[in-house]
Amino acid sequence: MADTRNADLTFGATDYIVYMAPLNTAAPTGFTDPTASWSCLGWVTTEGGLLKVEEESKDVDAAGSLEPIRTLLTKSTKSLQVTFQEALNPLVRALYDNVPVASLKPDTTSGVASYALPDKPNDLRYAFLVDTMDGDKRIRLYMPNGKVVERGDEQPQTTDVAPVQMTFRFYRGAANAPAVTRNIDYGDVDVSGFFPASP
């Protein structure tokens, strides 16, 4: 194969945007702007998000072989860790506190939102969309069914904004839709050398 190295294929995120919508909301087509069903979760730290794919397997041993005769994939989980910077964003606060978004609506008289943190965790699930941009190159992740499974420590402070760190886990969506779908727009970069024509 020819040398296809190309510095334009590096990707340095210049923007990172996370959206949420009701569970199993359909993804926007291609890279069109999200519809009104999708709400932005606000500014995130410059680290962006950390997507993890964790897989577990089990070896099957048998008499007559010193090596496993088969390996079974027993689990594959996909998660995303993001640190949000808008600690008072009602969507971020609802996800972190594990309460319905409507709980964050302020009282019309006092302007105060008051709610109890749940004693027993709620299984609140949403669809998520993550857009990452680098010039005209874009990556979009779509997750139809996800929820917060870990929350960082809450630390309001005087030296910086209070970070709100959460880890989301993603599951298959309606009609057995994939847990995570990735779309890539290469921009003006020619990647045809990676896909030679069939003889």
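Readers should treat all values here as calculations from the given coordinates under stated rules, not as data from a laboratory. Note that the structure is predicted; figures quoted are calculated from it, not measured. Note that each Cβ is placed from the backbone with ideal geometry, even for glycine, and that neighbours are counted across all protein chains shown.
How large is the translational diffusion coefficient of the stretch 70-188 in µm² per second when you combine the Kirkwood radius over alpha carbon pairs with Stokes-Einstein at 4 °C and 1.567 mPa s?
Estimated diffusion coefficient is 77 µm²/s.
For semi-axes √(5λ) of the Cα gyration tensor in Å, pick the label among (1) 30, 23, 17; (2) 23, 18, 18; (3) 36, 26, 17 that corresponds to the value derived from the coordinates.
Computed from these coordinates, semi-axes √(5λ) of the Cα gyration tensor in Å corresponds to label (3).
Hey, in the GNM for the chain with a 10 angstrom Cα cutoff, which one of Ala63, Ala162, Ala177 fluctuates hardest?
Maximum among the listed residues: Ala63.
Between Leu51 and Leu9, what FRET efficiency comes out of the Förster formula 1/(1 + (r/R0)^6) with R0 = 22 Å and r the beta carbon distance, rounded to 0.05? Please report the intermediate quantities before stating the final value.
Numbers: r = 18 Å, r/R0 = 0.84.
With R0 = 22 Å, the Cβ-Cβ based efficiency is 0.75.
Looking at this model, which pairs from Lys75/Lys137; Lys75/Lys147; Lys105/Lys137; Lys52/Lys105; Lys58/Lys137 are more than 27 angstrom apart at the alpha-carbon? Show your work: numbers first, answer last.
On the way: Lys75/Lys137 32 Å; Lys75/Lys147 18 Å; Lys105/Lys137 37 Å; Lys52/Lys105 33 Å; Lys58/Lys137 39 Å.
Exceeds cut-off: Lys75/Lys137; Lys105/Lys137; Lys52/Lys105; Lys58/Lys137.
Quick one: if the Förster radius is 25 Å, what FRET efficiency do Ala174 and Leu88 give, using the C-beta to C-beta distance and rounding to 0.05?
E between Ala174 and Leu88, to the nearest 0.05, is 0.20.
With each label point set 7 Å from Cα along the Cα-Cβ vector, what nm distance links Asn24 and Tyr186?
Result for the modelled spin labels: 3.6 nm.
Compare Lys58, Lys105, Lys78 in a GNM of the chain, Cα atoms joined below 10 Å, and give the one with the largest fluctuation.
The residue that fluctuates most here is Lys58.
Under the 0.36 nm per residue contour assumption, what length would be gained going from the current alpha-carbon distance of Ser114 and Thr158 to full extension?
On the way: separation 44, 0.36 × 44 = 15.84 nm, distance 2.41 nm.
13.4 nm is the gain from fully extending Ser114 to Thr158.
Please identify every one of the chymotrypsin sites (Phe, Trp or Tyr not before Pro) in the stretch 32-130 that sits in a loop by DSSP and has no more than 16 other beta carbons within 10 Å of its own beta carbon.
When the chymotrypsin sites (Phe, Trp or Tyr not before Pro) of the stretch 32-130 are filtered for loop state and at most 16 Cβ neighbours within 10 Å, Trp43, Tyr115 remain.
How much length would be gained if the chain were fully extended between Trp43 and Ser65, taking 0.36 nm per residue of separation minus their Cα-Cα distance, in nm to one decimal? Provide the component values of the computation, followed by the final result.
Working: separation 22, 0.36 × 22 = 7.92 nm, distance 5.50 nm.
Going from the current span to full extension adds 2.4 nm.
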